[in-house]
Amino acid sequence: MEKARLTSYPRKQAATRICVVSSFPTELLEIRSKEPSLHVLVIPGNPGIAAFYKDFVEALYENLGGQASITAIGHISHSQKDSENGRLFSLHEQIDHKVDFIEQELQHSEQSIILVGHSIGAYIGLEVFKRLQNKIKMFVGLYPFLKLNKNSVTQSAIGYIARSSFLSKGISLFASFIGSLQPSITRGIVRRFLGPSWSVAAVDVACCHLLKYHTMRNVLFMAMTEFQKLTEEPDWTFARAKEDKIAFLFGVDDHWGPLSHLEEISKRAPGVTLSVETEGHTHGYCCNEPGSFWVAEYISNLIKNQSPIGNN
């Protein structure tokens with residue numbers, strides 16, 4: 001679809017709603033198409049806060065000409081409210097949650113389902129694809145975190161903190177304290193810590209959703225279970241079997257998904273579509289407009305090349 005045509009579509013706003021999935025209140029960010037030919041389900045990284053993906057969801061909807069419904073699904077208890085009374089959820093439980101959502105909400109949908117997973121969401125998306133092969137038409141992993149990077153100091157530090165209940169509780173308490181300050185002070189601290197690349201909207205989401213004790217505890221607990229699971233090799237047999245339906249976008253300097261992992265995929269599953277983003281965006285592309293818009297255009301082009309809009 002030509003860019004000139006895209007400009008004829010007004011920017012439609014994504015709406016937030018709470019959906020109860022297997023008894024768990026779940027935050028969704030979505031745009032419903034009036035006549036969708038497909039449904040794109042976006043699975044976030046960690047933190048799994050759907051609101052971080054607002055610019056991306058809206059841009060993707062626009063790039064697909066309003067002919068696809070787009071939903072970003074949050075992780076359980078990565079939310080403003082502590083609906084689960086402090087319960088902690090593992091990577092495996094978050095995977096089950098996404099499977100349950102599709103079976104509950106999209107079971108009888110006539111539209112093709114395309115999964116888009118970011119960071120650890122790429123790992124989750126592949127596991128969902130594996131379980132629901134007859135329902136998923138295509139999977140795209142963005143800046144994927146599929147296995148541990150032993151050379152990453154950041155991953156080592158996060159893993160050390162996540163394994164310690166004492167440190168995890170301490171950091172979560174500190175985060176909730178920052179979140180309890182006057183909003184202007186909290187925003188100033190978050191902006192200084194995260195840097196100028198984050199959009200105003202993304203900073204606000206971090207202040208309202210991330211700086212909660214229950215959210216930070218779940219972020220770190222999930223990270224601990226990620227690091228335990230990702231010591232294992234990816235399921236190369238499945239990747240080869242579905243390689244014509246799988247695509248990955250890597251960054252140039254991304255310790256979560258280094259280019260060495262791209263090279264390994266190209267050898268183990270040579271039919272998988274592999275791309276490298278060289279425009280200077282970061283692993284947290286969804287936290288600013290330029291990154292969100294660029295990745296949305298990449299995804300839309302991939303979808304249209306793989307499956308022309310309007311055909312199931």
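The values are calculated or read from the model by the stated rules, or taken from the named source; none is laboratory data. The shown structure was predicted, so the numbers you read here are calculated from the model rather than taken from an experiment. Cβ: placed from backbone, ideal geometry, glycine included. Neighbour counts: every protein chain shown. These accessible areas exclude ligands, DNA and RNA; they are computed on the full protein's heavy atoms, side chains included. Shrake-Rupley method; radii C 1.70, N 1.55, O 1.52, S 1.80 Å.
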Assuming a ≥ b ≥ c are the square roots of the Cα gyration tensor eigenvalues, decide whether segment 101-201 counts as rounded (a/c under 1.5), prolate (otherwise, with a/b larger than b/c) or oblate. prolate
Accessible surface, segment 40-105, averaged per residue in Å² (probe 1.4 Å): 27 Å²
Cβ-placed point charges (K, R +1; D, E -1), dipole of segment 129-186 about Cα centre in debye, nearest 20: 460 debye
Please report the equivalent ellipsoid semi-axes of the chain, computed as sqrt(5 x eigenvalue) of the Cα gyration tensor, largest first, in whole Å. 28, 23, 20
In debye to the nearest 20, how big a dipole does segment 92-174 give about its Cα centre with +1 on each Lys and Arg Cβ and -1 on each Asp and Glu Cβ? 440 debye
Solvent exposure of segment 222-278 as accessible area per residue, Å², 1.4 Å probe: 48 Å²
Hull volume in cubic angstrom per residue (convex hull over the Cα atoms of segment 237-312): 105 Å³
Students often get this wrong, so check it: of 169/229; 267/304; 81/135; 54/267, which have C-alpha atoms separated by over 30 Å? 81/135; 54/267
Please work out how much length the chain gains when fully extended from residue 81 to residue 301, using 0.36 nm per residue of separation minus the C-alpha to C-alpha distance, in nm with one decimal. 75.5 nm
For segment 154-312, radius of gyration divided by Kirkwood radius, i.e. Rg to Rh on alpha-carbons: 1.03
For segment 49-111, max minus min Cα coordinate along each principal axis, in Å, sorted largest first? 41, 28, 18
Checking understanding here: applying a Kyte-Doolittle mean of at least 1.0 and a length along the axis of at least 18 Å (C-alpha), which whole DSSP H helices in the chain pass? 165-179
Once you put a point 7 Å from the Cα of residue 208 and another 7 Å from the Cα of residue 185, both along the Cβ direction, what distance in nm separates them? 2.2 nm
Toward the positive end of the charge dipole of the chain, about the Cα centre and with charges on Cβ (Lys, Arg +1; Asp, Glu -1), which of 165, 265, 95 goes farthest? 165
